[in-house]
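To start, the structure under review is shown below, and the notes come after it.
The values are calculated or read from the model by the stated rules, or taken from the named source; none is laboratory data. On a predicted model such as this, the values are computed, not experimentally measured, just so you know. Cβ coordinates were reconstructed from backbone atoms using ideal geometry, including for glycine residues, and neighbour counts include every protein chain displayed. Surface accessibility is based on the protein's heavy atoms, side chains included, excluding ligands, DNA and RNA. Shrake-Rupley method; radii C 1.70, N 1.55, O 1.52, S 1.80 Å.
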Amino acid sequence: MSKETLKVNEEIRAKEVRVVSAANDQLGIMSLRDALRLAGEQLLDLVEVAPTAKPPVCRIMDFGKFRFEQQKREKETKKKQKIVTLKEVKLRPNIEDHDYFVKLKNAQRFLADGDKVKVTIMFRGRELSHPELGRQVLTRMAAELKDLVILEREPKLEGKNMIMILAPKVVQPQQQSQPPQPAK
């Protein structure tokens with residue numbers, strides 16, 4: 001329920017409404033004028049919460065407080081969101097060991113940050129006639145990272161590139177049971 005979809009007080013156009021009090025008590029069906037008067041006596045607002053119902057359901061509440069709490073909840077859910085990005089590590093099929101380990105270390109760092117890693121083997125010229133060499137490099141990397149990753153996408157040749165996608169394993173926090181403290 002957002003500010004744009006909710007009608008408040010005089011914005012409500014129904015002749016009769018079902019009214020719910022601030023304490024969640026059903027007050028029954030009454031005319032809009034009586035419902036507005038009742039809300040005004042309590043120094044609260046009449047808010048249409050179910051406009052499609054017959055008759056529409058309105059609730060007596062402090063709309064400013066409701067909107068503030070709703071914005072607070074939305075802000076809190078945005079804080080808890082984790083945005084996963086896709087990082088890329090590019091290799092060649094005939095890569096030397098030192099270069100391979102540098103790329104492996106980069107992939108480990110990306111995975112530790114919680115990002116997915118796209119490992120790409122780039123083929124040029126005649127290298128494309130031996131895709132098994134690229135597949136060996138990708139399977140070697142997947143085998144060395146098997147404790148940290150889930151293989152999200154198997155190595156697959158797409159044009160002149162062979163691509164594999166690795167996702168970090170979700171580590172479940174272990175419940176640490178505390179030994180009972182002796183009574184003093």
When the residues of region 1-14 are filtered to those that are loosely packed, with under 10 Cβ neighbours inside 10 Å and either of a type in the set (D, E, K, R) or at pLDDT 85 or above (or both), which remaining residue is nearest to Pro55 (Cα to Cα)?
Glu10
Among (1) in contact (Cβ under 8 Å) with a residue 40 or more places away in the chain; (2) over 23 Å from Glu74 (Cα atoms), which single condition is Leu43 missing?
(1)
In contact with a strand residue (DSSP E or B) (Cβ under 8 Å, 6 or more places away or on another chain), open to solvent by 50 Å² or more (accessible area, probe 1.4 Å) and either free of Cβ contacts under 8 Å to residues at least 40 places away in the same chain or over 21 Å from Glu16 (Cα atoms) (or both): which single residue out of Thr77, Thr85 fits that description?
Thr85
Quick one: which of Leu111, Leu104 is touching a Pro at 6+ places or on another chain (Cβ under 8 Å) and in a helix (DSSP H, G or I)?
Leu111
In region 93-100, is there at least one residue being loosely packed, with under 15 Cβ neighbours inside 10 Å, more than 22 Å from the chain's Cα centre (by Cα) and not in a helix (DSSP H, G or I)?
yes
Could you check how many residues of region 39-60 are more than 16 Å from Arg13 (Cβ to Cβ), open to solvent by 40 Å² or more (accessible area, probe 1.4 Å) and hydrophobic (A, V, I, L, M, F, W, C)?
2
Residue pairs qualifying under the 9 Å Cβ cut-off, at least six apart or on distinct chains, with the first in region 16-33 being more than 11 Å from Leu46 (Cα to Cα) and open to solvent by less than 70 Å² (accessible area, probe 1.4 Å) and the second being assigned to a loop (DSSP other than H, G, I, E, B) and modelled with pLDDT of 85 or more, are Ser31/Lys15
